[in-house]
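Beneath this line is the structure, given in structure tokens, with notes to follow.
Quick note: the coordinates plus some simple rules give every number you see, no bench work behind them. As the structure is a prediction and not an experimental result, all values here were calculated from the model. When we count neighbours, we look across all protein chains shown, and the Cβ atoms used for this are built from the backbone with ideal geometry, even at glycine.
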Amino acid sequence: MVEFPPLGPVMPEILMTGFALLILVLDLVIKRKETLAFLSVAAAAVVMYAVLGTSGVTFSGMFAADGYSMFFKLIFLLSLILSILISVKYIAIERVNYGEYYSLMLFSTLGMMIMASAGDLIVLYLGIELMALSTYVLAGFIRHAVKSNEAAVKYFLLGAFASALLLYGISLLYGLTGTTDIKGVAAYISDNGLAGNPALMLSVILFVVAFGFKIAAAPFHMWAPDVYEGAPTSITAFMSVGPKAAGFAAMGRVFLIAFASLQVQWAAILIPLAIVTMAVGNIIAISQTNIKRMLAYSSIAHAGYALMGVIAGTPEGLAGMMSYLLIYAFMNIGAFAIIIMLRSEGFSGENISDYEGLSKKHPVSAALMLIFMFSLTGIPPTAGFIGKFYVFMAAVNAGYTWLVVVAVIFSAISAFFYMRIVMYMYMKEPRREVELTTSPALGLALAISALGVLVIGVFPGRLLDLARIAITLGWGL
Amino acid sequence: MRIITGMPGQYIPSDYLPILIFMMIATAFGLGTLVVCSIFRPRRTYAEKLTPYESGNPPIGEPRMRFSVKFYIIAMLFVVFDVEVVFLYPWAVVFDKIGLFAYVEMMLFIFILLVGYIYAWKKDAFTWD
């Protein structure tokens, strides 16, 4: 007879599964899809509350609800709530107002939560697949638009490829160490002096490729611009924050625990990766004319900055990376909320030139976009500055001063394309009348994001304390 | 699978040697058959012999045609419930060893599939027209 494992630590995930199934079934009877959106937000809030009160390890170490995973789960749930809020009106305009949308978003978030808590590589894989499969469908949700279909197919094919590489890495690791337990792998490697083994290095490289795909780090970023452009804008906002943060959560665990004794080797792979990522993201973003595409390249660049927290390889670096991702959730979803406002019946509002003279007629929206663009650039007193500051600080303390210099240079380059939007909004004459589509939900999402960006920017201490406490509460499973 | 470590930094995956031999034999057999046949078979070609289906129906139109999406839905439903049965078999075999835990887990699994079933039913995935 097998004993029941304690179910306390997985309670948030159990609740999330129940809610996602419930919304799927309720969709069959509820005709007003706004109700489903409201219920989904309520479900996310309940799960968030459950996450805060959950800790412990269960399923013989395969699943750990610790401080590290708690912080990440809060990022996922926050981005879920904000993405649902900006979706409500938008998916009606795109004529895809179906209830499955919300259910799939909940399932995707569930996958991310499992990833953040995974103490075993198989559980990690399970989480990745649940997250990814739901996101593939969401990317192609505007099924009558060819671009959306293209986004889904591209994302699916490349994502399946990355998953296969991850599985190959896991199987190599299992062949070498005889276990898929993250802590067990670390113990076996250090006990048996496997650190120089070429097959182990191959496994590390496969993990880098798979995670590099999930966080959209160059040279594994090729899918991101096309998918971000084709997917529904609300899903682009969701995808650029949630799955990316989940990728980082898994990456932090695998590299800093399982491959702890190989830190020199994987840092040597990740450093060029981070530099290339920042270069590709920031430089190619300059030539974009579609704002979703521009933000896709910007999102690639931000993965490069956050990657420096992992490269630092210290608890401080992890805390910096975690706060960066939280800040990124606020500022990026905020920026996408403004893009969604510009979308109206028969007008895509996706061209950068559509922002010309926005401040003349819509000063509030322009001011909010200004805040998000400043934050994405990293100009104080916005949160983006604080995020970069902590990550760079951790990298300097870990002895990577030259890498920080490179990152600051690329960060200065990024000012060009972010500030161009601001310049268009404030210093150009409007070329056409742009009608904004607003809804109370969208307004609430904008208020939360703007408040988050400003409050964290002005009082940054709390956030970093929170990330540090989360780290001290445990991240070693 | 165990990997025998010899010298530090060296490893010999000797457990996989049979697989390597098997792969080599399979490749040699496949290639060998083709080569031997191409040497001995008679070469008498005429139009009839070169059709895709010799002594079958002549093909009409392009092989790439669009199927109704209904076929895909049926195929997907089949896969879902097929997997369910695949899981039920090993579960039934070890049921007396794991007991209540296995029972609860399987019921949860079936319940989640049941939700999917209700969803598919309500979305008219089972009606053809």
> Using a ≥ b ≥ c from the Cα gyration tensor of the range A:1-157 (square roots of the eigenvalues), is it rounded, prolate or oblate, where a/c under 1.5 gives rounded and otherwise the larger of a/b and b/c decides, a/b for prolate?
Replying inline: prolate
>> Once you place label points 7 Å from the Cα toward the Cβ at B:Ser38 and A:Val276, how far apart are they in nm?
In response: 4.0
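Under 1.5 on a/c is rounded, so check that first for the range B:69-122, then, if it is not, pick prolate when a/b is larger than b/c and oblate when it is not; a ≥ b ≥ c are the square roots of the alpha carbon gyration tensor eigenvalues. Write out the running numbers ahead of the final one.
On the way: a/c = 6.00, a/b = 2.07, b/c = 2.91.
Cα axes put the range B:69-122 in the oblate bin.
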> Can you give me the Cα centroid spacing of the range A:1-35 and the range A:307-368 in angstrom?
Replying inline: 31
> What is the distance, in nm, between label points placed 7 Å from the Cα along the Cα-to-Cβ direction at A:Asn397 and at A:Ser60?
Replying inline: 3.8
> Per residue of A:19-28, what is the mean number of Cβ atoms on other protein chains within 10 angstrom of that residue's Cβ?
Replying inline: 3
> What is the calculated FRET efficiency for B:Lys70 to A:Ala187, with r their C-beta to C-beta distance and R₀ = 56 Å, to the nearest 0.05?
Replying inline: 0.60
>> If each DSSP helix of 4+ residues adds -39,500 (n - 2.57) and the sum is divided by the residues in the protein assembly as shown, what number results at 222 nm, nearest 500 deg cm²/dmol?
In response: -24500 deg cm²/dmol
>> Below 8 Å, C-alpha to C-alpha, sequence gap of six or more: please give me the relative contact order for chain A in percent.
In response: 17
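Order by neighbour count: A:Asp226, B:Asp82, fewest other Cβ atoms within 10 Å first, most last. Don't jump to the answer; show the numbers that get you there.
Values: A:Asp226 18, B:Asp82 10.
Going from least to most buried by this count: B:Asp82, A:Asp226.
Could the peptides A:318-330, A:44-56 be put in order, highest first, of the mean number of other beta-carbon atoms found within 10 Å of their residues?
Peptide ranking by packing, descending: A:318-330, A:44-56.
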>> Checking the table A:Lys33/B:Lys123; A:Lys33/A:Lys147; A:Lys73/A:Lys292 against a 20 Å threshold on Cα-Cα, which pairs fail?
In response: A:Lys33/A:Lys147; A:Lys73/A:Lys292
> For chain B, what relative contact order do you get, as a whole percent, if you take Cα pairs closer than 8 Å and at least 6 residues apart?
Replying inline: 13
> So if R0 is 22 Å, what FRET efficiency would B:Asp82 and A:Tyr168 give, r being the distance between their Cβ atoms, rounded to the nearest 0.05?
Replying inline: 0.25
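Label the range A:217-284 by shape, choosing from rounded, prolate and oblate, from the square roots a ≥ b ≥ c of the eigenvalues of the Cα gyration tensor; if a/c is under 1.5 it is rounded, and otherwise prolate applies when a/b is larger than b/c, oblate when it is not.
Details: a/c = 3.69, a/b = 1.61, b/c = 2.30.
Oblate.
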> Which trypsin sites (Lys or Arg not before Pro) from the range B:51-123 combine a DSSP loop assignment with at most 11 other Cβ atoms within 10 Å?
Replying inline: B:Arg64, B:Arg66
> Taking the simple approach of a point 7 Å from Cα along Cα-to-Cβ for both A:Thr472 and A:Ala367, what is their distance in nm?
Replying inline: 3.9
> Between the range A:136-151 and the range A:172-244, what is the C-alpha centre distance in whole Å?
Replying inline: 26
>> For A:Leu436, A:Leu24, A:Leu77, which order do you get if you count the other beta carbons within 10 Å of each Cβ and list the fewest first?
In response: A:Leu436, A:Leu24, A:Leu77
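Just want to confirm a number: the relative contact order over the range A:362-460, from Cα pairs under 8 angstrom separated by 6+ residues, in percent. Working shown, then result.
Working: 69 pairs, mean separation 45.3, N = 99.
So the answer I get is 46 percent.
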> Among A:275-282, A:5-12, B:88-95, how do they line up from the highest to the lowest mean number of other beta-carbon atoms within 10 Å?
Replying inline: A:275-282, A:5-12, B:88-95
